[in-house]
1. Please check: in the Gaussian network model of chain B (C-alpha springs, under 10 Å), which one of B:162, B:130, B:103 has the largest mean-square fluctuation.
2. Per 0.36 nm of contour for each residue apart, how much would the distance between residue A:221 and residue A:257 grow if the chain were fully extended, relative to their Cα-Cα spacing?
3. Choose one answer from A:227, A:142, A:251: the residue with the largest mean-square fluctuation in a GNM of chain A with alpha-carbon springs under 10 Å.
4. Note down the relative contact order for chain B as a percent, whole number, built from C-alpha pairs under 8 angstrom at least six residues apart.
5. Helix B:48-66 versus the longest principal axis of chain B: what angle, 0 to 90°, nearest 10, using Cα atoms?
6. Over chain A, what is the relative contact order in percent, taking alpha-carbon pairs closer than 8 angstrom and at least six residues apart?
7. Please rank B:1, A:214, B:82, B:152, fewest neighbouring Cβ atoms within 10 Å first, as an exposure proxy.
8. Would the stretch A:119-268 count as rounded, prolate or oblate if I go by the C-alpha gyration tensor, calling it rounded below 1.5 in a/c and otherwise prolate when a/b exceeds b/c, oblate otherwise?
């Protein structure tokens, strides 16, 4: 390696180290600007991905129908495919109506949003939604569905925000167990590894009477990000550890089918 | 030059596209990462200043995409991926004389190793930040699964990228020596 190359290498390392010296706020600001620039590409990607996904679902259903009805005529197949298509539309209609109902009866001021994409990294559970500070979304705002808590916003760009999902180990929520005085901290696991991850509720009393099937809600501690009473999950298992008790929860929200969410802008 | 520009655009597009690729159940639910294999191709093909430029560009975009802010803290700061790609590019530069312009086998192996190494470094930093170290089958899959995916994707990517015009920097302008 020549001397010039060594100088260039040192310069490249110096540039990288200079970036490392930036404050967290500055780094988040840079990320927000990058998201602003990337929003059109992400929205286009989301639209294409959605179309491919629907196409795949349609093809799979047709394949299944074909296997079941191998002897039926082509016209019969066509009719079944048409019925399937209208069924999908009905499902979508039902889902959107349920979301609308929830917004009307919720005590919170909710902003509907759609999941654009999920984080491709292995170590963090985040998603991007199509709302940003242009619609008064701010960092650290709760995100939920009619079923329960989804997470909270972190970096916010103009028309896009990153949501730290409840399934991330860093998303810690004060929680209480229904029908008891037990309180603890819910968080995700470090690595989920599959599409239906579990949550853990730590710092419970070792002798707590917690049974599978009990519901867990946000505790709404003073000054916390999350209001009280939002469903988090259901207890699957309770185990005692050396110093505390730990419950394994099945999330209230199906994170593998997350599409429409609400950002909590405030109370009504 | 044209191929370098195409690579730069492809790296940005790959970062966006990665977000829409579903996790692969066969690989323990791990994600497919395309950016490291594109960088490896660039590093086997460009002159050293170009490699460093690409390393800073790829690292900056990767960091901006994956920056994980939790409250007032950032888990892996802006600049770590830049450092990783700078050192990876420097190491790959040493392979250039072995195969001018790169060979698909070298690209394939280096892509798999680079992808898993990137994830391993990220994971160690996450553990350091969270002050606890866990190791189980799921985590191993998350480290080595994407590396396996890169091994499989690298050959088609290599031959696809060779379709674009451009001569590798280290390849002599003489007939009979092209790989």
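A short reminder: the numbers here are calculations on the coordinates, not readings from a lab. Because the structure is a prediction, the values reported are computed rather than measured. Cβ placement follows ideal geometry from the backbone for every residue including glycine, while neighbour counts extend to all protein chains displayed.
1. Result for chain B, Cα springs under 10 Å: B:130 fluctuates most.
2. Details: separation 36, 0.36 × 36 = 12.96 nm, distance 2.91 nm.
That pair, residue A:221 and residue A:257, stretches by 10.0 nm at full extension.
3. A:227
4. Working: 230 pairs, mean separation 53.9, N = 179.
Value for chain B: 30 percent.
5. So the inclination is approximately 30 degrees.
6. Values: 462 pairs, mean separation 44.9, N = 268.
RCO, chain A: 17 percent.
7. On the way: B:1 9, A:214 18, B:82 27, B:152 13.
Ranking B:1, A:214, B:82, B:152 by Cβ neighbours within 10 Å, fewest first, gives B:1, B:152, A:214, B:82.
8. Verdict is prolate for the stretch A:119-268.
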